[in-house]
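Coordinate-derived values only; no laboratory data. Just so we're clear, the structure is a prediction, and the values are computed from it rather than from any experiment. Ideal geometry is used to build each Cβ from the backbone, glycine not excepted, and the neighbour counts take in all protein chains shown.
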Amino acid sequence: MTDWPTTNWIDQPLADIAAAFRDGRLQATDLADDAIARHDRWDDRLKAYKHWDPDLIRKQASAAAQAFAVGADLGPLQGVPVSVKDIFGVDGHPTFAGSPRALPAVYEADGPLVDEVRNQLGVFSGKTHTVEFAYGGLGTNIHWGAPWNPWDADTHRIPGGSSAGAGVSLIEGSALMAFGTDTGGSVRIPASVTGTVGLKTSKDRWPTEGIVPLSTTYDTPGILTRTVADAAYGFWSLDTLCDTRPEAADLRGVRIGITGDYFWNNVQDDIAESVQKAIAELEKAGATLVSVSLAEAQAAIDKLSMGAVVAAEGYAHLTKELPGWFDSLQPAVKTRMALGNQVSAIEYLTARRDLARLAASAQQSLETVDVLAVPTVPITPTPVADVNDDLETYKSRNLATLSNTTVINQMELCALTMPVGLDKAGMPVGLQLVARPWTEERLLSVGIAAENVLGTRAQRLGTPPLGG
């Protein structure tokens, strides 16, 4: 355990915070007060949250502290502040899902993941902003505004979507773990562009009950954290199959897949340089690089099957389960969601079949490696004004931002993004490690080993001008 100073626990690793709770060096109420203070300092600029209730935060923290005081240890997340994307139901908080009005009360009920945190006496810091019904990779929302990316103090740049406030809440310091969902990159994109860590779990590894659906085929819950080590701690805390917290792998036994195809075709030179440099550092530290061809990625994009599936499923849910909400969608979401009404049953079923075949082939292609290493987001985060004012610009930037993450969902893989540099605009660059489904433990072990070589966000990127 690291001997950290007790004056800034909010900035320390989750494992060390948990140990300090249990040996009495830290009170959950003090940590909550620090999280609230961080929010009070930065909320005017960052705007991470749709719903924030400091009195409720203090009440939850007090319950955790009282349990510790009598020797009751209910789980690894006891006393830990956790933000929640506003498409998860959280009892005591309204659910808007990024729409202009609150959804019916049934969408406020805890699902299994939220219930797990509550049972452990974790502290819900609040509901973070989301793209309307989670349908977009940029993080914008004309109804409620987009959170401010903390890495540019002068220009309001996208925070990444659709879990728009998740990464911002971590940089702000009001949360130490953030729940998001990932249908086409909505955990990894906000993590990448805010310099945080994002874990996309395998389909059906974690339950989606209690989450407003976008696509029943591709929706996957995930978490964002400040470090890969924290992601491993969070995963172990929540996952019913993970008995032992993942620890760093020996890089000398790690096979990293590299590919020169689809994932690199449209990447900015400065972003490509940062990711390639990180991969070279891992090779120097002992990892073995293995050439991998993943032609399935380009095939999936060429078919444009993801749009057929996601738009159709999203449109069906809105029009059947939430009548009236479709009409109030902002144009950037509505025009794309409306395409779901044009998908025939044959097109939908054909897309599902073709994508299942591509997924099986892609998983076979990755059998010779532990992870595939590629850039997470291939372009620098765009200014919000550029995409709020021009629908065509929104569509092109949204497509580009999603391009390297969406195919991972289509191929039914799990993935982790971690910060490895800054681009020429001073914005974070993410390295995406991709693995076969249901291998999250190995993925996280490799990620921790990589972080030990490359450094954490604070070590490698420094401090953003806003937050903390």
Contact order normalised by residue count of the range 96-204, Cα under 8 Å, 6+ apart, percent: 22 percent
Average Cα contact separation per residue, the chain, under 8 Å, 6 or more apart, as relative contact order %: 18 percent
Cα to Cα, under 18 Å, and not fewer than 8 places away if on the same chain: which aspartates and glutamates meet these conditions relative to Lys424? Asp152, Asp154, Asp269, Asp270, Glu273
Which shape class applies to the range 124-164: rounded if a/c is under 1.5, otherwise prolate when a/b exceeds b/c and oblate if not, where a ≥ b ≥ c are the square roots of the Cα gyration tensor eigenvalues? oblate
Separation of alpha-carbon centers, the range 329-359 and the range 218-280, rounded to whole Å: 29 Å
Between Ala72 and Thr335, what length in nm is gained on full extension when 0.36 nm per residue of separation is reduced by their alpha carbon distance? 89.5 nm
About the Cα centre of the range 317-370, what is the dipole size in debye to 20, counting +1 per Lys and Arg Cβ and -1 per Asp and Glu Cβ, all else neutral? 200 debye
In percent, how large is the relative contact order of the range 44-130, given Cα pairs closer than 8 Å and 6 or more residues apart? 45 percent
Quick check: from the Cα gyration tensor, does the range 309-423 come out rounded (a/c under 1.5), prolate or oblate? oblate
What is the range 415-456 by shape, rounded, prolate or oblate, if you read a ≥ b ≥ c off the alpha carbon gyration tensor as root eigenvalues and call it rounded for a/c under 1.5, prolate for a/b larger than b/c, and oblate otherwise? oblate
Is there a pair in Lys47/Lys334; Lys85/Lys200; Lys200/Lys320; Lys127/Lys320; Lys47/Lys127; Lys47/Lys85 whose C-alpha atoms are over 19 Å apart, and which pairs would that be? Lys47/Lys334; Lys200/Lys320; Lys127/Lys320
If each DSSP helix of 4+ residues adds -39,500 (n - 2.57) and the sum is divided by the residues in the chain, what number results at 222 nm, nearest 500 deg cm²/dmol? -12500 deg cm²/dmol
Cβ-based charge dipole, the range 343-431, positive-most Cα from Leu372, Thr401, Thr417: Leu372
Calculated from the structure, P(r) over Cα pairs in 20 Å bins from 0, in percent equals which of (1) 19, 41, 34, 6, 0; (2) 27, 61, 12, 0; (3) 24, 55, 21, 0? (2)
Which whole-angstrom value gives the distance between the alpha carbon centres of the range 61-110 and the range 158-201? 17 Å
Which order do the peptides 216-223, 258-265 take when ranked by the mean count of other beta-carbon atoms within 10 Å per residue, highest first? 216-223, 258-265
